[in-house]
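Okay, so here's the structure we're looking at.
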Amino acid sequence: MDNYRNVENGFRRYKAHISIAGTTQFHIRNPYVIAWWSAAFPGFGHLLLSKYLRGLSLFIWEVIVNSNAKINLAMVHSFCGNIEAAKEVLEPRWMLMYIPVYLFGIWDSYRTSVDMNKVYLLAEKEGAPFNSFAIGAMEINYLDKRQPAMSVIWSLFMPGLGQLHIHRLLTAFFALTWTILFIYFSKLLLSVHYLFLGQITESTAVLDIQWLLFMPSMWGFAAYDSYINTVENNKLFNNEQKEFLINHYQDRSFHVKKGKVEV
Amino acid sequence: MVQIFSTFEHSTNLELALTVLEKNGIHKENIFAVPLTNRKTERRLFDSIHNADGISLISTGAALGTAFAVVGASVGFKLAWGPIFCGLIGTSVGFILGVCIDLFYYKVIKKQQRLLRGKNSEVILLIECEEEQADTVEDILWHHYAFGTARIV
């Protein structure tokens, strides 16, 4: 059940939509920041824009091609100065496939955020009503205010929890699932375990480099995505309430009393 | 008749206050809400639940933190401390560097005023009621976290 149903479709643009799966909204973004996240990990830029299908396609593409081409492994070797090892490890059958799609992800997310900023300005000006409450058999979602810092803290503990905190279910599910895979295959927790025992050499040796290098971006993205969306959801709550107050609590017959403040 | 003025921030509590007031016999026509546009002041590092301008200083920090984490973890395979510590050090250095860049940009190059610190009065609520009801109305407002109230007689 929703509190608004768009039957007539009488408006051109809508700035937000609250559904069982999450709160989706247009808001102003810095296109360079979005492009950067696409560069950190193809798909992240699009996920920040709430373009889940594009984002997930690019993300899965990245994991498959990077794993086969051994891009992450080659990166570690290059950063360590072992250029020969990097050349050795790269798989030419996959490597060249990486380049065009990687660049497309960056370019397309940049272009899309520039476009979406314009759409936001138009939607904001048009001020069309939107659904702000959803209840169904499986879930409940409504506009509310949350603490941005909590989103970041939970995201750092486990990518995806920050998104659960603000009911961004698609990103939450995706981040949780992939984090499990990355952490398991990289043997990261085993390595942390050795660190606690003070065995740094074993701790380094046990790590699977190719899988480990997916994690920094995952953490950064999860924290950033949940943070900015908490902030934007809070702003949406304020604006929606402002509109509600103006529409319902500004009766023409109300006169402000001229008197004295009773102390 | 008296009028009671009060200020609130945007929150679910404000709507609860309105509902309780109406339940206590205050008609909708006798409630007047004035949402404010808030004055802006300096940019802060983190947005809070009470106010947010959405362009806080963590965007560049998060981006550089991630970039430095990748490089730190990679180089860490060669260094004595190993990839995990080096990755964490890289993250912190990147984050701090990003925040510094933003601070420099917004404080020195582009001085801009942003939202006020702390809690802001975002809505003024005016309620007209009989003198006998005034105490109840004020109680309801305080109970729902009004920042301040005043009674005009």
Residues of region A:60-89 satisfying the condition of being away from every other protein chain (no Cβ under 12 Å) and not in a helix (DSSP H, G or I): A:Lys70
Suppose we filter region A:101-132 for residues that are more than 24 Å from A:Ile209 (Cα to Cα) and open to solvent by 60 Å² or more (accessible area, probe 1.4 Å); how many remain? 11
Sole residue being open to solvent by 40 Å² or more (accessible area, probe 1.4 Å), of a type in the set (A, V, I, L, M, F, W, C) and modelled with pLDDT of 95 or more, chosen from A:Ile180, A:Ile135: A:Ile180
Do we find that A:Gly160 is under 19 Å from A:Asp225 (Cα atoms), touching a residue at least 24 places away in the same chain (Cβ under 8 Å), out of contact with any strand residue (DSSP E or B) (no Cβ under 6 Å at 6 or more places or on another chain) and not acidic (Asp, Glu) in this structure? yes
When restricted to A:Phe174, A:Phe157, A:Phe185, A:Phe133, the only residue more than 28 Å from A:Leu207 (Cβ to Cβ) and among the hydrophobic types (A, V, I, L, M, F, W, C) is A:Phe133
Confirm whether B:Gly118 is modelled with pLDDT of 90 or more and open to solvent by less than 80 Å² (accessible area, probe 1.4 Å). no
Can you work out which of the residues in region A:138-158 that are crowded, with 17+ Cβ neighbours inside 10 Å and in a helix (DSSP H, G or I) is modelled with the lowest pLDDT? A:Pro148
Given the condition more than 30 Å from A:Trp154 (Cβ to Cβ), among the hydrophobic types (A, V, I, L, M, F, W, C), surrounded by 13 or more Cβ atoms within 10 Å (Cβ to Cβ) and at the interface with chain B (Cβ under 7 Å from one of its Cβ atoms), answer yes or no: does some residue in region A:199-215 qualify? no
B:Asn51 fails exactly one of (1) touching a strand residue (DSSP E or B) at 6+ places or on another chain (Cβ under 6 Å); (2) modelled with pLDDT of 90 or more; (3) within 11 Å of chain A (Cβ to nearest Cβ), namely (2)
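The values are calculated or read from the model by the stated rules, or taken from the named source; none is laboratory data. Remember, predicted model here, so these are calculated numbers, not experimental data. Backbone-built Cβ (ideal geometry, glycine too); neighbour counts: all protein chains shown. The accessibility values were calculated without ligands, DNA or RNA, using every heavy atom of the protein model including side chains. Shrake-Rupley method; radii C 1.70, N 1.55, O 1.52, S 1.80 Å.
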